[in-house]
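Novice: Encoded as structure tokens, here's the structure I'll be asking about.
What follows draws every value from the coordinates through simple rules; no lab data is involved. Predicted model only: the values in this text are computed from it and were never measured. Heads up, the Cβs are rebuilt from the backbone with ideal geometry, glycines too, and the neighbour counts pull from every protein chain shown.
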Amino acid sequence: EAAQPLEWFAARLEAADAVMFGAFVDGVLAGIAGVVREPAAKERHRATIRSMFVAPVHRGRGVAAALLGRALDEADAMPGVWQVVLTVTRGNAAARRLYDAHGFVPYGELPASLHVAGRYYDDVLMIRVRPDRAGDAFRDA
């Protein structure tokens, strides 16, 4: 995302079913988290957590938990949404603990999902199903 022009970010922020949250500490942006509802009619029951990031100096202080909690509240308020998905880089133990604590469970992996500085990283795919819809989670069609 760092290489994207400002207009790219503006378009993402203007999307009707996309919300970006920022956490500020002493007037400085400490972290961000976004939630996007899937646009396709057959997938509108699902939202995705995107761009979750907390600056290293603010980690371990509850900023990530607050951002994720706010993003999940927003997803839960979207009519018809009962699944929330995200990806986390394998080996990111702190992020996994955060997501586990918020009810996410792994459902798959995406090998070599990221390519950064000549190295590939695998992603773990995670899902959170609203408790009142848990019976719908993995039901056959």
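Novice: Check which residues have an amide H placed less than 5 Å from Met52's amide H, if you skip close sequence neighbours.
Specialist: Gly34
Novice: Can I ask one more? Rounded, prolate or oblate: which one fits segment 56-118, using the alpha carbon gyration tensor with axes a ≥ b ≥ c (rounded when a/c is under 1.5, else prolate when a/b beats b/c, else oblate)? List each step's numbers first, then the result.
Specialist: Numbers: a/c = 2.05, a/b = 1.25, b/c = 1.64.
Verdict is oblate for segment 56-118.
Novice: Could you work out [θ]222 nm for the chain from helices alone, using -39500 (n - 2.57) per DSSP H run of at least four and dividing by all its residues? Round to the nearest 500 deg cm²/dmol.
Specialist: Helix-only estimate at 222 nm: -7000 deg cm²/dmol.
Novice: Taking the chain as a Gaussian network, where each spring joins two C-alpha atoms under 10 Å apart, which residue of Arg46, Arg90, Arg37 fluctuates the most?
Specialist: Evaluated over the chain, the most mobile residue of the options is Arg90.
Novice: Separate question: Take every Cα-Cα distance within the chain, group them into 10 Å bins from 0 onward, and report for each bin the whole-number percent of pairs it holds.
Specialist: Cα pair-distance distribution for the chain, in percent: 11, 38, 39, 12, 1.
Novice: Out of Asp26, Asp100, Asp123, any idea which swings most in a Gaussian network model of the chain, alpha carbons joined below 10 Å?
Specialist: Asp26
Novice: What relative contact order, as a whole-number percentage, does the chain give when Cα pairs under 8 Å and 6 or more residues apart are counted?
Specialist: 17
Novice: How many percent of DSSP beta bridges within the chain run antiparallel, rounded to 5?
Specialist: 90
Novice: Next question, about the same structure. Karplus couplings for segment 35-45 from phi (6.51 cos²θ - 1.76 cosθ + 1.60, θ = phi - 60°), rounded to Hz, Gly and Pro as x?
Specialist: So the Karplus estimates, Gly and Pro as x, are 9, 10, 7, 5, x, 5, 3, 6, 10, 6, 7 Hz.
Novice: Turning to a different aspect of this structure: For segment 18-77, what is the relative contact order in percent, using Cα pairs closer than 8 Å and at least 6 residues apart in sequence?
Specialist: Rounded, it is 33 percent for segment 18-77.
Novice: Just want the answer: with Cβ charges of +1 for Lys and Arg and -1 for Asp and Glu, which residue in Leu98, Met126, Gly80 is farthest toward the dipole's positive end in the chain?
Specialist: Working it through, the farthest residue towards the positive pole turns out to be Leu98.
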